[in-house]
Amino acid sequence: MVIAMANTGTVYLVGAGPGDPGLITLKGLKCLQQSDVVIYDRLINPQLLKHAKPGAEIIYAGKSVGYHTMTQEEINFLLISKAREGKKVCRLKGGDPFVFGRGGEEAEALVKEGLHYEVVPGITSAIAAPAYAGIPVTQRGLTSSFAVITGHEDPTKEEGQLDWAALAKMGTLVCLMGAENLPNIVNKLIEHGRSPSTPAALVQWGTWPKQRVVDGTLSDIVQRAREAKLGPPAVTIIGEVAALRDKLHWFDNKPLFGKRVLVTRSREQASRLSELLAELGAEPLETPAIRIEEPEDYGPLDEAVGDIRSYQWIVFASVNGVNGFFRRLHAQGKDARALASTKICAVGPATATALKEQGIIVDLLPKEYLTSAVVAKLGEQGISGARVLLPRTDIVGEDMAGGLEALGATVDQVVAYRTVASKELPDDLVEDLHKGRIDIITFASSSTVRNLVSLLNGDISLLSKTKIASIGPITSKMAGELGLHVDIEAQEHTISGLVDAIVEALKL
Ligand code: SAH
């Protein structure tokens, strides 16, 4: 018997689904959020990586630094070594990890080393890509079976394991990988008696906003796919069900399907706008907002940490504040026990969770996060005469310190982290703008116009190939002043009004 050492970690083989980030399971998402290391494959939607916890190590297993693909042995070795370090590892794989994903081999490698692992199944592209093309893999009265095969096996070779005579009789055949073998696959099926008039379809980038579908019959699908220049990743569906797409397609006829829309962020989050756009089939791309950095001077924080027993309360307003504070506490060789006589207040459940990870159960977690509500709750605890520490960011927010001092507390505010506005656009976004690969830029406030122009260092010529949509006259005025031409203006000056205006404009 192999006994795993108590301090070894766990590897979760997680199915990320076929691309649409909403198609990961709740359990998969939880693994992703809680893991120390995330190792992801080529077909993973990068948007999913946003859910990794701050500070998690994120490793791309598709290609390594030298641009050669990481071999399966290298990936196995990576999984094993991270687990041995005691880490919780999320091995994020496209679709379902055990459907042509080599997940089984990774599991075997872990078992061989006596390491703990779990599988979180995912939605396979074999079913989801057809579904997003309007093709059910089974349909009462049409098919009562479906098979999923790999197209990697060259059907003209003798040693193949596929039973073509049996496959030709299968209700629905779904073929993953190896689009280059499609002509041979089609020939084999016809040779074994499948009618050349059998409906067939190819779905490339299924469930992504860039999904493309070609349909036809067994006799012409190869030609049609070639004409449309449809390459990988794609699944091929062969069977009567493929014809149902005509009636049932729903994804690629959404009003904003396939449109790439730049959502310009100000300090307030842009997620509502991105969400609405994605629901209508668009691909929202977000400009960077802010990033978190260490303080320029750790002096005041270090001093407070050194004298931590003199404080009766610490109020943590953010996860970053917790991380910054504990980094310095550990740097002084101390841990949570140094806070044994100090009461802790957290603003927001995420902050309380971050504290829990440091071994702290908070004394106070106000239900409302408004500064005034937090001050009132602390007031009920009788903080008059108490010394209170506020580890916070460098940007002065609402005046919590003033509120607490008014209640008779002595408050020390120390900078535990900095909030820095991003200074430039990422290179790929600049290139997309340059090549006209972004259809629409949205501005939901005049500050977002100013932010984008400053992110471009004033070079607004990059925006000339893209339509500009504004939430209303004030925002449009700012755009005009900065030399931009507004093409679409919302009539109702809300986020959904902005989206409505874009939909209307694209109908013309
Ligand atoms: N485990 C994955 C399959 C990995 S093999 C799953 O369950 O989906 C990789 C192949 O999957 C690709 O060559 C392609 O055939 C298919 N594939 C993966 N994602 C796809 C997508 N979004 N659209 C179409 N095909 C996809």
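Note on K188: lysines with a C-alpha under 24 Å away, same-chain residues under 8 apart excluded, are K157, K169, K229. The value for the stretch 361-429 of Rg(Cα) / (2.2 N^0.38 Å) is 1.45.
The angle separating the long axis of helix 103-112 from the principal Cα axis of greatest extent in the chain is about 60 degrees.
Only Cα sites of the chain enter the Debye sum here, all with the same form factor; the resulting log10 I(q)/I(0) across q = 0.11 1/Å is -1.12, listed in q order. Between A331 and E74, the contour length at 0.36 nm per residue exceeds the Cα-Cα span by 89.1 nm.
Relative contact order of the chain, taken over Cα pairs closer than 8 Å and 6 or more residues apart, is 10 percent. When the P(r) is computed for the stretch 127-252, the part past 24 Å accounts for 18% of the Cα-Cα pairs.
Based on the Stokes-Einstein relation at 4 °C and a viscosity of 1.567 mPa s, and on the Kirkwood radius from alpha carbon pairs, the stretch 293-421 is assigned a translational diffusion coefficient of 89 µm²/s.
All alpha carbon pair distances within the stretch 213-365 were sorted into 10 Å bins beginning at 0; the resulting P(r) in whole percents reads 9, 23, 18, 14, 13, 13, 9, 2, 0. Length available on full extension from I292 to K210: 0.36 nm per residue minus the Cα-Cα distance, which gives 26.3 nm. The simple spin-label model puts a point 7 Å past each Cα toward its Cβ; for L280 and E158 those points are separated by 6.1 nm. For the pair E380 and Q358, label points projected 7 Å from Cα toward Cβ lie 2.5 nm apart.
For the stretch 75-202, the relative contact order comes to 18 percent (Cα pairs under 8 Å, sequence separation of at least 6).
Calculate for the chain the 222 nm mean residue ellipticity that helices alone would give, adding -39,500 (n - 2.57) per DSSP H run of length 4 or more and normalising by residue count, nearest 500 deg cm²/dmol. Rounded to the nearest 500, the figure is -9000 deg cm²/dmol.
Think of the stretch 293-421 as a dipole: +1 on every Lys or Arg Cβ, -1 on every Asp or Glu Cβ, centred on the Cα centre; then among G359, F325, G385, G359 lies furthest on the positive end. The label point for S454 and the one for L142, both projected 7 Å from the Cα toward the Cβ, are 5.5 nm apart.
For the set K87/K112; K30/K53; K53/K356; K259/K467; K259/K435; K210/K254, every pair lies no more than 21 angstrom apart at their alpha carbons. The chymotrypsin sites (Phe, Trp or Tyr not before Pro) of the stretch 176-274 that DSSP puts in a loop, and whose beta carbon has at most 16 other beta carbons within 10 Å, are W250, F257.
Net length available on complete extension from S195 to A338 is 43.8 nm, with 0.36 nm assigned per residue and the Cα-Cα distance removed.
Output the relative contact order of the stretch 127-252, whole-number percent, from Cα pairs under 8 angstrom with separation of 6+ residues. Over the stretch 127-252, the number comes to 35 percent.
Read-outs: derived from the displayed coordinates by stated rules, not from any lab. What you are looking at is a predicted structure, and each value in this text was computed from that prediction instead of being measured. No Cβ is skipped: glycine too gets one built from the backbone with ideal geometry, and neighbour counts run over all protein chains shown.
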